Amino acid sequence: MSNDNVIAFENREEHAKPVHDLLTEALRQGAKQLLAAAVEAEVSDFMEQHQETLGNGKNRLARNGHLPQRDILTGIGEVA
């Protein structure tokens, strides 16, 4: 008899059912908005703190735009 309590899980993706209820969708949308706002605030704060200029009059930092949207996998599903 083994003294461990490790349980071998089957491939969960095969048995997982996607969740499509209104509460989960509301949580996903809220998570997207909070994450976007947090990242935007952090970038703005960083840019403001390091807004030095170089000797030639140009800014040390410049915001170059945004990368393509990425998908992030969370416990409640994918956050795009």
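Going by the conditions given, is L35 of a type in the set (A, V, I, L, M, F, W, C) and not in a helix (DSSP H, G or I)? Quick ask: steps written out before the conclusion?
Working: of a type in the set (A, V, I, L, M, F, W, C): yes; not in a helix (DSSP H, G or I): no.
No.
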For the subset of region 70-80 comprising residues that are loosely packed, with under 10 Cβ neighbours inside 10 Å and at pLDDT 70 or above, which member is farthest from D45 (Cα to Cα)?
-> G75
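The values are calculated or read from the model by the stated rules, or taken from the named source; none is laboratory data. None of these values were measured; they are calculated from a predicted model. Counting neighbours? That spans all protein chains shown, and the Cβs are built from the backbone with ideal geometry, glycine included.
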